[in-house]
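Before any comments, here is the structure.
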Amino acid sequence: MSNSEWMRRCLVLAAQAQGWTSPNPLVGAVVLDANGKLVSEGFHKGPGQWHAERDALLKVSGAVPNGTVFVNLEPCCVWGRTPPCTDIIIEKGIRNVYVGMLDPDPRMAGKGIKRLEEAGINVQVGLIEEECRTLNAAYLLAREQKRPLVTLKVASTLDGRVCDTSGHSKWITGEAARASGQRLRAEHDAILVGVGTVIKDDPQLNVRLENEPPIRPVILDTHLRTPQDAKIHTSGLKPWFYTHHANANGHGWDVRTVPLDSTGLSFQAVLADLCSRDVYSVLVEGGASIASSILQTGLVDRLELFMAPKFLGGGLIWGDGLKLPLALASQFEIREHAILDQDIWLRLESKKHV
């Protein structure tokens, strides 16, 4: 295998922990012997567990003289919950290390590379870096821009309707698309909706798949209108509320007050607070109103669009009300697509942010 193929193997390994590692990054590692033969591989499984390099190297009895390590993110060089990965790489006699990208964490940020080079190890940085950055887009946004990655999920008809003229939206898409939506929840730290969705649909806002990580419900509720008996209070993790209500602490809920802007509650302020609480990825669900408001902020990084082969001709259209001129239109690139039974799925990324 080529060096690029070994690094892609690291990405495959790392992705096995999708949804489990936040606020840590997704990292995989591959160890080869002096002859280029695979010796071991590993990946980071979650906070407090071994980092990928240590996970892989601890599976090897003894040293790996003149061996090679591939890892998609710069090895750590400081103590945290676990020992520095640079130490075990040096101890095992590794001669070459290929790194996908530098770690923007200021505790590393090239210091891990320097530590390895000072020990006489050959280090190359930047192997398939774009692919490495894509895998850890949420971690990088949190480190570099102090905000979570925002994914907007929309289920609509071919003519963009998210409900019919009577307000009914169950079910626009089929079972395969809905199952895909559940997997999306498992890949994100938080799920965000407006209070209108809570009042209208009384959703659970949890992950209904076995052996998948839970998700934090986040409710934008300007006047704290969420019912006391709403399902979100008992169906999963404790919900977090963002409001502009003067008596924000009167409910015994986890409530934060944020300022208002032209779209309502300041989405930028909400994101900054979520990031400070180690929420690095947010899945936005809900109706046409919240989709329009959040698109207007320009802070949507990814769009997950599920389209049913149906035509309503009436009802709410997602994104309606924006009325942007063509020159200011939100621009996305299609990255993946598939047919889910009869529904169309598109994964798009913003040209502006990711």
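The values are calculated or read from the model by the stated rules, or taken from the named source; none is laboratory data. Since the structure is predicted, the reported quantities are computational estimates derived from the model, not experimental observations. Cβ coordinates were reconstructed from backbone atoms using ideal geometry, including for glycine residues, and neighbour counts include every protein chain displayed. For the accessible areas, the whole protein counts, side chains as well, though only heavy atoms, and no ligand, DNA or RNA atoms are used. Shrake-Rupley method; radii C 1.70, N 1.55, O 1.52, S 1.80 Å.
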Handout entry: Correct choice for semi-axes √(5λ) of the Cα gyration tensor in Å that was computed from the model, options [x] 50, 23, 17; [y] 30, 25, 20; [z] 41, 22, 18
Key = [z]
Fill in the blank from the handout: Carbon and sulfur atoms account, in whole percent of the 1.4 Å probe accessible area of the chain, for 49 percent
Fill in the blank from the handout: trypsin sites (Lys or Arg not before Pro) in segment 267-354 lying in a DSSP loop, each with at most 11 other Cβ atoms within 10 Å of its Cβ, come to Lys323, Lys351
Fill in the blank from the handout: Asserting the computed 222 nm helical MRE of the chain (DSSP H runs at least 4 long, -39500 (n - 2.57) per run, divided by residue count, to nearest 500) equals -7000 deg cm²/dmol
Exercise for the section: Determine how large the accessible area of Met1 is when every protein chain is in place; take a 1.4 Å probe and give Å² rounded to the nearest 10. Expected result: 140 Å²
Practice task
Please sort by residue number the trypsin sites (Lys or Arg not before Pro) in segment 22-80 whose DSSP state is loop and whose Cβ has at most 14 other Cβ atoms within 10 Å.
Solution key: Lys37, Lys59
Handout entry: Alpha-carbon centroids, segment 151-167 and segment 11-49: separation in whole Å
Key = 38 Å
Practice task
Quote the accessible area belonging to His244 in square angstrom, nearest 10, computed with a 1.4 Å probe and with ligands, DNA and RNA left uncounted.
Solution key: 90 Å²
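Would you count, across segment 77-217, every pair of lysines whose alpha carbons are under 22 angstrom apart, provided the pair is eight or more residues apart or spans two chains?
Lysine pairs meeting the criterion: 6.
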Fill in the blank from the handout: Expressed in nanometres to one decimal, the distance between label points 7 Å along Cα→Cβ at Asp159 and Thr222 is 3.0 nm
Problem - Computed magnitude of the charge dipole of segment 153-211 (debye, nearest 20; Cβ of K, R +1, Cβ of D, E -1) - result: 40 debye
Practice task
Sort out for me the Cα centre separation of segment 264-309 from segment 175-221, rounded to whole Å.
Solution key: 13 Å
Exercise for the section: Work through the residues other than Cys275 whose Cβ is under 9 Å from its Cβ and net out their charges, Lys, Arg +1 and Asp, Glu -1. Expected result: +1
Practice task
Estimate the FRET efficiency between Trp79 and Thr234 by the formula 1/(1 + (r/R0)^6), using the beta-carbon distance for r and 25 Å for R0, to the nearest 0.05.
Solution key: 0.05
